[in-house]
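Structure first, commentary second.
A short reminder: the numbers here are calculations on the coordinates, not readings from a lab. This structure is a prediction, so every number in the text was calculated from the model and none was measured. Ideal geometry is used to build each Cβ from the backbone, glycine not excepted, and the neighbour counts take in all protein chains shown.
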Amino acid sequence: MLLIKCPWCGVRDETEFSYGGEAGIERPLKPEDLNDQEWADYLFMRKNTRGLFLEQWNHSLGCRQWFIVERNTVTYEIIATSKIKNEAPDIQVDA
Amino acid sequence: MQINRLKSGGQINRDKTLRFTFNGQSYKGYLGDTLASALLANGVDIVGRSFKYHRPRGIVGSGAEEPNAIFQIGSGATTEAGMRATQVELYDGLVAKSEKGWPSLSFDIAEVNDWCSKLFGAGFYYKTFMYPAKFWKIYEYFLRRMAGLGAAPREPDPDYYNHQNTHCDVLVVGAGPAGLMAALSAGKSGAKVIIADDQANFGGSLLASKELIEGLTADKWVSSQLQMLEELPNVTCLSRSTVFGYYDYNFLTINERCTNHLSEFTEGHVRQKLWRVRAKRVVLAQGAFERPLVFPNNDRPGVMLASAVSNYINRYGVLPGKNPILFTNNDSAYQAAIDMKIAGAKSVLVVDSRSEQPSDMVDEARNNGIELQFDAVIRNVIGHTKVKGVEISTYDSGSNTCAAQATKRTCDLLIYSGGWSPAVHLHSQSGGINKWDDNRHCFVPHTTKQASFSIGSCNGTWSLEDCLKEGIACGRDVAGSLNLKVNDINLPITKKIKLNPMMPLWQVIAENSVENLPKQFLDYQNDTTVSDIYLAVREGYTGIEHVKRYTALGFGTDQGKLGNINGMAILAIALGKPIAEIGTTTFRPAYTPVSFGVCAGEDIGEMFEPTRKTAIHDFHTESKAPFEIVGQWLRPWYFPKDDEDMSSAVIRECLATRSSLGIMDASTLGKIDVCGKDAVTFLEKIYTHDVAKMAVGQCAYGVMLGEDGMIKDDGVMARLGENHFYLTTTTGGAATVMSWLEQWLQTEWPHLTVYLTSLTDQLSTIALVGPNSRRVLQKLVDADLSNDNFPFMKTCKSEIAGLKVDLFRVSFSGELAFEINVNSNFALYIWNLLMVTGRDFEITPYGTETMHVLRAEKGFIIVGQDTDGSINPHDAGLGWLVSKEKDFIGKRSLERVDSIRSDRKQLVGLLSVDNKSVIPEGAQLIEKKSPSGPTPMYGHVSSSYFSPVLGHPIALALIESGRNRIGDKLLAISSDAKAIEVTIAKPIFYDPKGERQHAK
Amino acid sequence: MPNEIKGFVLDDFIKKYRPSNSTSPEINVSIKPDVNYLNIRGSVNDRNFLEHAESILQQALPLEFNTFTVGDHHIYWLGPNEWLVVTDFDLDSILQKISKKIDLYATNQTGGLTQLILRGNCVRSLLARGCTLDVSEGNFLIGQCAQTGLSKAGILLALTDSSPSFNLIVRRSFAEYVGLWLEQSGSEFGINFVQEH
């Protein structure tokens, strides 16, 4: 049973959280420009890392915030948790 | 008669006689006895029959390691199976039964297995019961009966169990000398300490010890320490509490048995408690298990561990024999011989495999008149239902061989000890690694993964002084690591004892002919013998994890506490490898068996899951509506009038709604308020339709897709203001959708200013449905509800009886309808007001079943019933909702090759050809004349009802290329193999032009 | 508003509730149904939002995570952009003051939440039966609040004084479950419920 440090609420029991899969998968800004293969890579392919892994967790019973957890998938050790950066995506404007 | 009870001594209360029965026979014991000590006191030798060979077995141990005395305790609803007699405290009226042995323990017919044991070697299940394959079920029935694993109660458990979460600085597991010192040392430094021990009394090994500490007898000293602990407000002492699981992040579970020692059932009390502990530090001081020695017939009743013998004499005043022989390879076991002699055994012989060397224990034994024989071993046991004697041979420890000649010697008790195995169970569960120690000949904790410390004999530390020292040091270190001011305690004064090292003796007879000898048992509970290990090796198994599974070594409920180390050593010998290379098997929770009752705790019956009720619930119960559970909510199913059955009620509700007026409680819908300056941008991504084009006051039916293009949820949404929206979700999907929306918002588009707030509980929703709905509602509201002013798919604010309401002209039935949102505190009031106002139009409350019929008549889908995660909006006939002009979640997936296949399953209607058979939901659809080979299945029926307004059955189905097959006839085959001929139709059966919901 | 038309979620629970024989219950629970709740959303980085919130509420929002402030209202921190105002004030008088020019969003939650006030020596022990959060003395302090789970329901928990007295706020549809849970688990200590009007 993990103890997870919510970046806002502090250390709480795993039962207060829900899991959201691999972090850092960016939704393509222009999905229509992708071919089926590229789209499928975004949609389905995940790293399934053995070792250090960045993943999304939600403090669902607490402050409802999503955040990033760096966790070792072998030892279950949580190395760090961090807030999601509030940045707009870098949208390329067509010439 | 308690024939083996000593006249005095022990920690039992001789003034409190307790009666109990074992296999129907009545016996007496004393308060403070365990069931095992009471049985021994009464001279009961055979307590069970073994698992495979049905050999008679007696009590071997005195604690969690006991493999034989495993009983069914109690009867009826409160009976418990698999209870260790060594851990069951005696109470008056206790009823115990052995789990094996038929017709009786002393004559078990299945012992025939022992004579033909060649058939029953390791893996015999797999080899013997293979053919014919279909006979396995019959074999299994008999095998399970033979194995005798106890019986579960048939009635519900009347006992009360609960759970307790707790947090502490230090959890100390085990209250022996090391644990007590650690708890005291950490406790006196101010740490919040929990110390738990699985026995009734604290003290561990000291309870049976004769050693003096600070000039006090061991038990008196323990009492003084316990008193000090209990005086510390920051220390919690838990006895009868087994720490059975050690999980990640120092989360441990404790099973406290509160009333098991009082009676089979104690009314009004918690029987057991499950402690869920988060500890900053964990101190493991669980002690060690004494190891048996391995020699032929080492399982006969009357063979007992040395530590158990000392326990029975010193703690319970029970002398388990008169003429014992002790077989040992170490000094600690001498204590049992000395205890026997002092307690009154006539003659005591010690057979020691080692050569004589000066030792305090040897001297003390000799001074007590104990006969000693060195360089000797026991090579066989004589006696069948009870030890009658032994064969002794000389032994050469240099060459590891025992002489062929043996002398016979009679005895009534064979005490044995092969040294000690540290109880590394919790250390291993925590992720710690163990290492074989060649000096101490045991596995000891090596590296730790969590903040835990092993001390005392579970760390391979044997002498009392060293255990006390380690405890004090550990408590101090732990307190220091928690930044507490360390308050030192002094090392208690004990007598130094000079001990000789033990000599490993894994196998008395190491000849190659070992398999032709009488059985040498390793694991008593599973009847695993030395020859099973050799057989496994011969058949190609070399890893300990494989050998364990093939031979069942350590698979019993004792989890190999006695036999595993010997088994690993034998495997090492058979493979010609050092033990260090064999390694241990994986230790898993639970350390000892835990009852289901305490795992469930209070979460049973109506508390198993929260039951959510709407604010209008009282009306439903007063109307005697049966309920349906939808995502924890109780929803009224239908509202029977008088003694109406369901189908008549539903027909009446449907017709009343279509012809005049129905009313439904739709409060369970998920409701989400969306606001913020980027609300439109966000919702454009979430819904497939053009949200930006919606005018303020406009409603829309919307679907949300997963990024895979499949329908995720649906519902009506409305634009309440420029940057303000109101969404509804399905009842079951409310929480998931909310979390999913937040995930997109917070992780993908955190730069958007959008706020999502759940209104599910705050607002109740009442649907007023039917051609007369406007007439009735208009009587209550000022707003102009005329079609011109308030057309289909509009929303407005209004008041009913001075209460603010939101009105929505939306319809899930195809009728003219309004949904009224109101503060839940007033919902029942408004509902009742509508009931009164609608009386002239025979307002009819309806439940979920009628709602389903009405929506199916219109071909409206239910997400999760008519969709299953593989249906996209085009499949469901909702292509008209999909914007071509903007991007939204799932859009790109709709253009994948797979999404535009022409043979995708599509939502269609079905009519039964006979016009009266209701097609079962889930029925598979096939051709009327199937081609040879596997029958192609085109799809299945997703919704099916009798339509009262149409007077015939209707159904919705998902069928390959269904929309191109309108008019085709198929067969619907249900699970009971009935076939109904059906015609594929369009999925809208009633008012296909939608005129009714647009009514002027 | 005439009171008789209001229907509170624990009305039925309290109607069916039979006080235990315990003469001096260790735990007293008062159900305070008739209170108003307002959810406030906005960005802490937006000075205008914070000032506006303070001006309409006449009380500052607590900016420290997991704390609450007491003034005219109890204002609880729920998340980095979310607060809950619990008040006896009429919400319309507050809502009317909200300026459309400022990114402050308020949602009426009255009727959707219920508050129970738990008092007595054993309250911390009782809560520990269902909470994985450490609510022990010295760890859960006055002025602190936390959203967490009580057995299988989500709750907002806040410590108001050292008696101790905890405010427990729960969603309407989970209130009955929480009531039943407290009644069952509290029977070990002796528990009594009253409804305040």
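If you take the beta carbon distance between B:Glu885 and B:Val630 as r and set R0 to 51 Å, what does 1/(1 + (r/R0)^6) give as a FRET efficiency, to the nearest 0.05?
With R0 = 51 Å, the Cβ-Cβ based efficiency is 0.90.
Going down the table (B:Lys797/C:Lys6; B:Lys388/B:Lys408; B:Lys671/C:Lys101; B:Lys671/C:Lys97; A:Lys85/C:Lys100; B:Lys928/B:Lys978), which pairs top 18 Å between alpha carbons?
With Cα atoms farther than 18 Å apart: B:Lys797/C:Lys6; B:Lys671/C:Lys101; B:Lys671/C:Lys97; A:Lys85/C:Lys100.
Once each part is reduced to its C-alpha centroid, what is the distance from the range B:743-799 to the range B:657-674 in angstrom?
Computed from Cα coordinates, the inter-centre distance equals 11 Å.
Using Cβ-Cβ distances only, list the Cys residues of chain A with no partner cysteine under 4.7 Å, sorted by number.
Here A:Cys63 come out as lacking a disulfide-compatible partner, given the Cβ-Cβ threshold of under 4.7 Å.
Run the simple label-point estimate for C:Thr67 and B:Gln25 please: 7 Å along Cα→C-beta, distance reported in nm.
Label at C:Thr67, label at B:Gln25, 7.3 nm between them.
Helix B:564-575 versus the longest principal axis of chain B: what is the Cα-based angle in degrees, 0 to 90, to the nearest 10?
Roughly 80 degrees between the two axes.
Which trypsin sites (Lys or Arg not before Pro) does the range C:40-132 hold that lie in a coil by DSSP with at most 15 other beta carbons within 10 Å?
C:Lys97, C:Lys100, C:Lys101
Report, in whole Å, the centroid distance computed from the Cα atoms of the range A:42-64 and the range C:55-72.
What the calculation gives is 34 Å, centre to centre.
Bin all alpha-carbon pair distances of the range A:3-83 at 10 Å intervals from 0 and give each bin's fraction as a whole percent.
In order of increasing distance, the bins hold 17, 42, 27, 13, 1 percent.
To the nearest 500 deg cm²/dmol, what mean residue ellipticity at 222 nm is calculated for chain A from DSSP H runs of n ≥ 4 alone, each contributing -39,500 (n - 2.57), summed and divided by the residues?
Per the formula, -2500 deg cm²/dmol.
Checking the cross-link filter: which lysines have an alpha carbon closer than 20 Å to that of B:Lys449, excluding same-chain neighbours under 8 positions apart?
A:Lys5, B:Lys280, B:Lys435
Any lysines with Cα under 19 Å of the B:Lys498 Cα? List them, leaving off those in the same chain fewer than 8 positions away.
Filter leaves B:Lys210, B:Lys469.
In cubic angstrom, how much convex hull volume per residue do the alpha carbon atoms of the range B:669-759 span?
Looking at the range B:669-759, the number lands at 81 Å³ per residue.
What does the extension gain come out to for B:Lys386 and B:Ser961, with contour length at 0.36 nm per residue minus their alpha carbon separation?
199.2 nm is the gain from fully extending B:Lys386 to B:Ser961.
Pulled fully out, how much extra length does the chain show between B:Thr736 and B:Lys322, if you take 0.36 nm times their separation in residues and subtract their Cα-Cα distance?
141.9 nm
Can you figure out the FRET efficiency of A:Asn48 with B:Ile900, using R₀ = 30 Å and their beta-carbon distance, to the nearest 0.05?
The computed FRET efficiency comes out at 0.50.
Going by a ≥ b ≥ c, the root eigenvalues of the Cα gyration tensor, does the range B:758-822 fall in the rounded group (a/c under 1.5), the prolate group (a/b larger than b/c) or the oblate group?
Judged from the Cα gyration tensor, the range B:758-822 comes out oblate (a/c at least 1.5, b/c at or above a/b).
What nm value, rounded to one decimal, do you get for the distance between B:Ala77 and B:Asp976 when each label is placed 7 Å out toward the C-beta?
Each label point is offset 7 Å from its Cα along the Cβ direction, giving 3.6 nm.
Along Cα→Cβ, 7 Å out, is where each label goes; now give me the distance between the ones at B:Leu950 and B:Val913 in nm to one decimal.
1.8 nm
Helix C:172-186 against the longest principal axis of chain C: what's the angle in degrees, Cα atoms only, rounded to the nearest 10?
Here the helix axis deviates by roughly 30 degrees.
Quick check on chain B: of the DSSP beta bridges with both residues there, what percent are antiparallel, nearest 5%?
So the antiparallel bridges amount to about 75 percent of the total.
For the pairs B:Lys624/C:Lys15; B:Lys905/B:Lys929; B:Lys188/B:Lys496; B:Lys28/B:Lys97; A:Lys30/B:Lys677, note any where the Cα-Cα span goes beyond 25 Å.
Cα-Cα > 25 Å for B:Lys188/B:Lys496; rest within.
Can you give me the angle between helix B:334-343 and the longest principal axis of chain B, using Cα atoms only, in degrees from 0 to 90, rounded to the nearest 10?
The two axes meet at around 70 degrees.
Any idea how far the Cα center of the range B:286-349 sits from the one of the range C:137-197, in Å?
55 Å
Given only helices, namely DSSP H runs of n ≥ 4 each adding -39500 (n - 2.57), what is the per-residue ellipticity at 222 nm of chain B, to the nearest 500 deg cm²/dmol?
-6000 deg cm²/dmol
Cross-link partners among aspartates and glutamates for B:Lys561, C-alpha distance below 19 Å, same-chain residues fewer than 8 apart left out?
Correct list for B:Lys561: B:Glu65, B:Glu66, B:Asp197, B:Asp198, B:Glu290, B:Asp299, B:Asp437, B:Asp523, B:Asp527, B:Asp532, B:Glu545.
Using 1/(1 + (r/R0)^6) with R0 = 30 angstrom and r between the beta carbons of C:Ser99 and B:Lys804, what's the FRET efficiency to the nearest 0.05?
Plugging the Cβ-Cβ distance into 1/(1 + (r/R0)^6) gives 0.90.
Under 5 Å between amide hydrogens, which residues at least 5 positions from B:Ala376 or on another chain qualify, with H placed 1.01 Å from N in the peptide plane?
It is B:Asp352, B:Ser353, B:Arg354, B:Tyr395, by chain and number.
Would the protein assembly as shown count as rounded, prolate or oblate if I go by the C-alpha gyration tensor, calling it rounded below 1.5 in a/c and otherwise prolate when a/b exceeds b/c, oblate otherwise?
Prolate.
Quick one: grab the alpha carbon gyration tensor of the range C:36-108, order the square roots of its eigenvalues as a ≥ b ≥ c, and give me rounded if a/c is under 1.5, else prolate or oblate depending on whether a/b is larger than b/c.
oblate
Quick check: net charge around B:Lys797, other residues with Cβ under 15 Å of its Cβ, Lys/Arg +1 and Asp/Glu -1?
That sum, taken over residues with Cβ under 15 Å, equals -3.
Looking only at the protein assembly as shown, where both bridge partners belong to it, what percent of the DSSP beta bridges are antiparallel (to the nearest 5)?
80 percent
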